[in-house]
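The structure appears right after this line, and notes come after that.
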Amino acid sequence: MRLSDKVYFMVLLLLIAVIFSPSAGRGIIYIDIDSPHIRKFYLALPEIKELGSAPREIKKEIEKTLAQDLTISNLFYLMERERLPQKGVYITEATVDFSAWTGVGAEFLLSVGLAAGGDKVLTEFRLFDMIQGTYIAGKRYRGSQEDVRTMAHRVADEVIYQLTGERGIFQTKIAFVSNRTGNKEIYLMDFDGKNQKPITDNGSINITPAWSPGAKSLLYTCFRRRNPDLYQVFLSPRRTILLSAVTGLNAAPAWSPDGKSIAVMMRGNGSTEIYLLNPRGKKPSRLTRSWANKASPTWSPDGKQIAFVSDRSGSPQIYIMDMPNGKIRRLTYGGRYNCSPAWSPKGDRIAFAGQEGGRFHICTIKPDGTQLRRLTREGNNEHPSWAPNGRHIAFASNRRGNYDIYIMTEDGGGPWRVTASRANETEPAWSPWLK
């Protein structure tokens with residue numbers, strides 16, 4: 001980068017800092033995402049305005065990523081740019097023409113500016129409520145050219161926060177299982193399928209990934225020692241340890257919300273049972289006791305209940321155990337085969353895979369057994385996993401042949417396919433919030 005370019009870029013940043021004042025928002029909830037009558041809102045996203053020279057590919061990447069994030073939020077109709085007024089203008093408090101935007105039906109306006117110099121990139125946005133005719137919020141992000149997708153995700157996250165009061169999911173991760181190498185290995189990717197990286201590479205069978213509460217590690221089951229043993233892999237720096245190697249079974253792990261216990265499937269007296277381990281994989285304590293098999297434990301967000309699968313009624317159904325007293329009650333009655341329960345982070349619903357007409361579909365149900373909903377219609381759909389916002393669900397589906405990972409909203413919005421290899425991608429595990 002030449003000295004003149006550096007001076008130009010620094011002057012540009014100084015000018016932007018003078019005219020642009022970031023806002024923390026006004027604390028108003030514009031979109032109530034918990035409303036039973038929530039609808040989509042018309043959001044205008046004009047072409048990104050260059051605030052200085054910027055490579056075209058950077059601009060296109062930010063626009064594409066931002067539009068995809070806002071679409072997946074399932075809160076907006078993105079308006080066609082051909083209809084939008086004030087073309088070629090960076091919309092600010094001083095330049096916004098509210099009447100022009102309301103005239104084309106816009107309810108919210110998101111204006112994004114971009115500047116680049118050398119490897120450095122600056123992105124900023126302004127968000128407006130067009131109906132009330134007010135400025136909502138604005139922020140500025142700096143990074144390298146390699147960070148442009150992350151910057152776009154941060155803009156989308158902030159837009160969601162400013163409008164709903166809740167965090168966006170666009171910087172979260174999804175772990176999953178893939179057989180693309182001929183073996184089942186654990187992979188990690190951005191929520192939208194980008195930046196896929198292997199977490200295991202041992203040439204064995206690796207299954208049932210599960211996040212720790214702080215998202216610093218993953219639990220999984222591996223057969224590398226010819227027994228389904230429980231491992232923990234720390235992500236940064238990468239380090240793998242053997243947690244439990246009890247002969248027979250150490251599978252389907254689930255961390256308690258407080259990180260003090262791990263629920264896991266182990267062999268009991270002739271059947272699989274749910275046990276609790278401490279964070280070091282030691283001191284197994286048996287939770288369930290009966291002749292029937294139990295599988296797939298999942299914790300309630302307050303840590304007071306565990307849902308699991310049992311065939312005690314003759315077919316796999318979902319049950320709930322109250323941790324303080326050990327009482328067990330049956331949750332699902334419809335269908336001959338219900339499995340893979342996943343408790344919403346909000347605590348209000350449990351997702352599961354239920355068999356209907358010879359195929360599995362993703363369903364949700366309230367913890368009291370009411371309001372059963374079927375969310376999918378095509379193919380086999382398995383292994384639901386909630387996003388930390390409690391609004392989105394990842395799952396595996398073979399609706400296009402091989403199994404891929406899809407995401408949808410808890411009311412069935414979407415779905416959006418986020419993997420598209422020729423392999424089978426299964427068992428998604430959506431991360432908690434990342435710091």
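The values are calculated or read from the model by the stated rules, or taken from the named source; none is laboratory data. If you're wondering where the values come from, they're calculated on a predicted model, not measured in any experiment. Cβ atoms come from the backbone with ideal geometry, glycine included; neighbour counts cover every protein chain shown.
Candidates Ser296, Ser271: the one that is assigned by TED's automatic domain parsing to the domain that holds Arg224 and surrounded by fewer than 18 Cβ atoms within 10 Å (Cβ to Cβ) is Ser271.
If you go through region 325-371 and keep only what is in contact (Cβ under 8 Å) with a residue 12 or more places away in the chain, among the basic types (Lys, Arg) and in a loop (DSSP other than H, G, I, E, B), you end up with Arg336, Lys346, Arg349, Lys366.
Only one of the listed residues (Arg336, Arg373) is of a type outside the set (Asp, Glu) and more than 23 Å from the chain's Cα centre (by Cα). That residue is Arg336.
May I ask you to list the residues in region 245-276 that are more than 17 Å from Ile320 (Cα to Cα), aliphatic (A, V, I, L, M) and touching a residue at least 40 places away in the same chain (Cβ under 8 Å)?
Ala251
Please determine, by comparing only the residues of region 119-151 that are part of a loop (DSSP other than H, G, I, E, B) and touching a Phe, Trp or Tyr at 6+ places or on another chain (Cβ under 7 Å), which one is farthest from Lys40 (Cα to Cα). Looking at residues that are part of a loop (DSSP other than H, G, I, E, B) and touching a Phe, Trp or Tyr at 6+ places or on another chain (Cβ under 7 Å), I get Gly133. In this structure, is Gly117 surrounded by fewer than 22 Cβ atoms within 10 Å (Cβ to Cβ), over 25 Å from the mean Cα position of the chain (by Cα) and at pLDDT below 95? Against the criterion (surrounded by fewer than 22 Cβ atoms within 10 Å (Cβ to Cβ), over 25 Å from the mean Cα position of the chain (by Cα) and at pLDDT below 95), Gly117 qualifies. When residues in region 279-313 are screened for being among the small types (Gly, Ala, Ser), under 19 Å from Ala351 (Cβ atoms) and outside any loop (DSSP other than H, G, I, E, B), 4 of them pass. In region 209-219 there is at least one residue matching the filter, namely being free of Cβ contacts under 8 Å to residues at least 40 places away in the same chain and among the polar types (S, T, N, Q). In the set (1) assigned to a loop (DSSP other than H, G, I, E, B); (2) under 28 Å from the mean Cα position of the chain (by Cα), Leu276 fails one condition alone, (1). Within this structure, Thr200 passes the test of being in a loop (DSSP other than H, G, I, E, B), in contact with an Asp or Glu (Cβ under 8 Å, 6 or more places away or on another chain), modelled with pLDDT of 95 or more and outside the structural domain of Gly103 (by TED's automatic domain parsing). Got at least one residue in region 185-195 being over 16 Å from Ile72 (Cβ atoms) and part of a loop (DSSP other than H, G, I, E, B)? Among the residues of region 185-195, at least one is over 16 Å from Ile72 (Cβ atoms) and part of a loop (DSSP other than H, G, I, E, B), which makes the answer yes. So is Gly358 at pLDDT below 95 and either assigned by TED's automatic domain parsing to the domain that holds Leu235 or buried (at least 16 other Cβ atoms within 10 Å of the Cβ) (or both) or not? Answer is yes for this residue. Look through region 203-225, keep the residues that are of a type outside the set (D, E, K, R) and in a loop (DSSP other than H, G, I, E, B), and return whichever of them is surrounded by the most Cβ atoms within 10 Å (Cβ to Cβ). Among residues in region 203-225 that are of a type outside the set (D, E, K, R) and in a loop (DSSP other than H, G, I, E, B), the one surrounded by the most Cβ atoms within 10 Å (Cβ to Cβ) is Ser212. Filter region 159-197 down to the residues that are of a type in the set (Asp, Glu) and either within 18 Å of the chain's Cα centre (by Cα) or outside the structural domain of Ile405 (by TED's automatic domain parsing) (or both) and list them by number. Matches in region 159-197: Glu166, Asp190, Asp192. Taking the criterion of being on the phi > 0 side of the Ramachandran plot and within 16 Å of the chain's Cα centre (by Cα), the residues of region 376-425 that qualify are His383, Gly390, Gly412, Gly414. Within region 94-128, the set of residues being under 26 Å from Ile58 (Cα atoms) and β-branched (Val, Ile, Thr) comprises Thr95, Val96, Val112, Val121, Thr123.
Within the set Leu66, Leu12, the sole residue that is assigned by TED's automatic domain parsing to the domain that holds Gly138 and at pLDDT 90 or above turns out to be Leu66. Can you tell me which residues in region 63-81 are buried (at least 21 other Cβ atoms within 10 Å of the Cβ) and hydrophobic (A, V, I, L, M, F, W, C)? Those that are buried (at least 21 other Cβ atoms within 10 Å of the Cβ) and hydrophobic (A, V, I, L, M, F, W, C): Leu66, Leu70, Ile72, Leu75, Phe76.
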